[in-house]
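> Pasting in a structure now, in structure tokens, and then I'll have a few things to ask.
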Amino acid sequence: QVQLVESGGGLVQAGGSLRLSCAASGRAFSRYAMGWFRQAPGNEREFVATVSRRGDKTYYSDSVKGRFTISRDNDKNTVYLQMNVLTPEDTAVYYCAGTSLYDMASMKGLYDYWGQGTQVTVSS
């Protein structure tokens with residue numbers, strides 16, 4: 001079992017940057033593909049980015065491609081989301097998630113483990 005704890009959220013002005021971190025417990029972190037999702041009020045949770053078990057493959061939603069970068073450090077059991085050129089439309093609670101079933105996944109139903117979320121608010 002994996003426990004995930006996100007951090008790094010906060011309030012930032014439009015055009016600014018934030019880096020989210022997600023620390024995982026347990027010794028099997030490298031067996032899990034990791035993903036970031038977000039959920040704005042009144043909206044469904046949506047896919048943001050995913051990274052493969054070894055960190056050599058990534059995939060992004062069209063809305064963040066070119067602005068966000070997902071990465072992982074398996075020695076530190078941590079996955080990151082670097083977010084640049086933020087806009088108010090990026091305001092949401094951001095969740096990290098892990099799945100042992102696939103090397104990458106963009107569908108939230110394929111993930112086994114979820115963190116509690118961290119709030120990101122972008123002001124205009």
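The values are calculated or read from the model by the stated rules, or taken from the named source; none is laboratory data. What you see is a predicted model, and the numbers here were worked out from it, not measured in a lab. Positions of Cβ are generated from backbone atoms using ideal geometry, with glycine treated the same way; all protein chains shown enter the neighbour counts. Note: accessible area is taken over every heavy atom of the protein model, side chains too, but ligands, DNA and RNA are not part of it. Shrake-Rupley method; radii C 1.70, N 1.55, O 1.52, S 1.80 Å.
> I'd like to verify a number: residues in segment 1-16 that are open to solvent by 30 Å² or more (accessible area, probe 1.4 Å) and in a strand (DSSP E or B), how many? Spell out how you get there, then give the answer.
At the first step, the residues of segment 1-16 found to be open to solvent by 30 Å² or more (accessible area, probe 1.4 Å) are 1, 3, 5, 7-9, 11, 13-15.
After this cut, where a residue has to be in a strand (DSSP E or B) as well, the list is 5, 7, 11, 13.
Qualifying residue count, segment 1-16: 4.
Here's the yes/no breakdown for (1) acidic (Asp, Glu); (2) assigned to a strand (DSSP E or B); (3) at pLDDT 95 or above:
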site	(1), (2), (3)
41	no, no, no
62	yes, no, yes
71	no, yes, yes
89	yes, no, yes
97	no, yes, yes
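> Pick from segment 56-76 the residues that are under 18 Å from residue 110 (Cβ atoms) and β-branched (Val, Ile, Thr): which of them is most open to solvent (accessible area, probe 1.4 Å)? Break it down stepwise before answering.
At the first step, the residues of segment 56-76 found to be under 18 Å from residue 110 (Cβ atoms) are 57-61, 70, 72.
Restricting the remaining residues to those that are β-branched (Val, Ile, Thr) gives 58, 70.
Working: 58: 64, 70: 6 Å².
Here the residue is 58.
> Residue 19 - would you say it is open to solvent by 70 Å² or more (accessible area, probe 1.4 Å), out of contact with any Cys (no Cβ under 7 Å at 6 or more places or on another chain) and not in a loop (DSSP other than H, G, I, E, B)? Steps first, please.
Details: open to solvent by 70 Å² or more (accessible area, probe 1.4 Å): yes; out of contact with any Cys (no Cβ under 7 Å at 6 or more places or on another chain): yes; not in a loop (DSSP other than H, G, I, E, B): yes.
Yes: the conditions hold for residue 19.
> What do you reckon, is residue 83 buried (at least 22 other Cβ atoms within 10 Å of the Cβ) and either in contact (Cβ under 8 Å) with a residue 24 or more places away in the chain or of a type outside the set (Lys, Arg) (or both)? If you could, list the steps in order and put the result at the bottom.
On the way: buried (at least 22 other Cβ atoms within 10 Å of the Cβ): yes; either in contact (Cβ under 8 Å) with a residue 24 or more places away in the chain or of a type outside the set (Lys, Arg) (or both): yes.
Taking the combined requirement at face value, the residue satisfies it.
> Among what's in segment 99-120 and is assigned to a strand (DSSP E or B) and open to solvent by 50 Å² or more (accessible area, probe 1.4 Å), pick the residue that is nearest to residue 12 (Cα to Cα).
Going through segment 99-120, the residues assigned to a strand (DSSP E or B) turn out to be 99, 113-114, 118-120.
Still in the list and also open to solvent by 50 Å² or more (accessible area, probe 1.4 Å): 113-114, 119.
On the way: 113: 28, 114: 24, 119: 11 Å.
Here the answer is 119.
> Do we find that residue 15 is without any contact (Cβ under 8 Å) to a residue 12 or more places away in the chain and at positive phi in this structure? Explain how you work it out, then say what you get.
Details: without any contact (Cβ under 8 Å) to a residue 12 or more places away in the chain: no; at positive phi: yes.
So residue 15 does not fit the description; no.
> Follow-up. From the list 27, 45, 53, 38, which one is of a type in the set (Lys, Arg) and surrounded by fewer than 13 Cβ atoms within 10 Å (Cβ to Cβ)? I'd like the intermediate steps shown before the answer.
Details: 45 fails: surrounded by fewer than 13 Cβ atoms within 10 Å (Cβ to Cβ); 53 fails: surrounded by fewer than 13 Cβ atoms within 10 Å (Cβ to Cβ); 38 fails: surrounded by fewer than 13 Cβ atoms within 10 Å (Cβ to Cβ).
Result: 27 is the single residue among 27, 45, 53, 38 that is of a type in the set (Lys, Arg) and surrounded by fewer than 13 Cβ atoms within 10 Å (Cβ to Cβ).
> Against the condition out of contact with any helix residue (DSSP H, G or I) (no Cβ under 9 Å at 6 or more places or on another chain), in contact (Cβ under 8 Å) with a residue 24 or more places away in the chain, farther than 18 Å from residue 110 by Cβ and open to solvent by 60 Å² or more (accessible area, probe 1.4 Å), how does residue 93 come out, does it pass? Spell out the reasoning first.
On the way: out of contact with any helix residue (DSSP H, G or I) (no Cβ under 9 Å at 6 or more places or on another chain): yes; in contact (Cβ under 8 Å) with a residue 24 or more places away in the chain: yes; farther than 18 Å from residue 110 by Cβ: yes; open to solvent by 60 Å² or more (accessible area, probe 1.4 Å): no.
Criteria not met by residue 93.
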